[in-house]
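K.L.:
Please see the structure below; I have some questions.
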């Protein structure tokens, strides 16, 4: 049977692995955003959401474990925990940077869309193009009212 300290280290290692997977999914999300592949974008967002759920559960288990069992402060375990914590911090910085790149791409896409819609509104292209192709009354208008 493993000691509480070993269980804590195992939970931290699993959290680091989940962070690594989250970083990989974020990098792939950025690539999907760059290539405008919306199917992949949604797939990677779902993957990240599942990893967030997994990380939250690992945190809960770690906190519960830390509160229920007093630690013996084994020097080797403390060093190992400190190393994993440092790795987690570094990975979190990498995730933040990758996520900011995704945000920038998404914001750029939104700005392009906003400009395109403003141009369409100015030119009234939407109504004219739709009405010109339709035979009779445009379908989105209610003729009963």
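The values are calculated or read from the model by the stated rules, or taken from the named source; none is laboratory data. Predicted model only: the values in this text are computed from it and were never measured. Don't worry about glycine lacking a Cβ; one is built from the backbone with ideal geometry, like all the others, and counts go over all protein chains shown.
K.L.:
Of the conditions (1) crowded, with 18+ Cβ neighbours inside 10 Å; (2) under 29 Å from residue 108 (Cβ atoms); (3) touching a residue at least 24 places away in the same chain (Cβ under 8 Å), residue 41 fails just one. Which one is it?
P.N.:
Every listed condition holds for residue 41 apart from (3).
K.L.:
Scan the stretch 65-82 residue by residue and report those that are surrounded by 13 or more Cβ atoms within 10 Å (Cβ to Cβ) and either within 16 Å of the chain's Cα centre (by Cα) or free of Cβ contacts under 8 Å to residues at least 12 places away in the same chain (or both).
P.N.:
In the first step, residues of the stretch 65-82 are kept if they are surrounded by 13 or more Cβ atoms within 10 Å (Cβ to Cβ); the result is 65-66, 69, 71, 74, 77-78, 80-81.
78, the sole residue that qualifies.
K.L.:
If you don't mind, another one. Could you list all residues from the stretch 104-120 that are modelled with pLDDT of 80 or more and either more than 19 Å from residue 30 (Cβ to Cβ) or not in a helix (DSSP H, G or I) (or both)?
P.N.:
Residues of the stretch 104-120 that are modelled with pLDDT of 80 or more, as a first pass: 104-119.
Across the stretch 104-120, the qualifying residues are 114, 115, 116, 117, 118, 119.
K.L.:
Can you give me the number of residues within the stretch 1-51 that are farther than 28 Å from residue 79 by Cα and assigned to a helix (DSSP H, G or I)? So that I can check it myself, show each step before the final result.
P.N.:
Filtering the stretch 1-51 down to residues farther than 28 Å from residue 79 by Cα leaves 25-50.
After this cut, where a residue has to be assigned to a helix (DSSP H, G or I) as well, the list is 25-35, 38-50.
Final tally of qualifying residues: 24.
K.L.:
Still on this structure, please answer the following. Any chance the stretch 52-64 includes a residue that's within 15 Å of the chain's Cα centre (by Cα), within 19 Å of residue 103 (Cα to Cα), in a helix (DSSP H, G or I) and without any contact (Cβ under 8 Å) to a residue 24 or more places away in the chain? Spell out how you get there, then give the answer.
P.N.:
From the stretch 52-64, those within 15 Å of the chain's Cα centre (by Cα) are 52-56; that's our starting set.
Still in the list and also within 19 Å of residue 103 (Cα to Cα): 52.
Among the residues that remain, those that are also in a helix (DSSP H, G or I) are: 52.
Filter once more, so that each one left must be without any contact (Cβ under 8 Å) to a residue 24 or more places away in the chain: none.
No, the conditions are met nowhere in the stretch 52-64.
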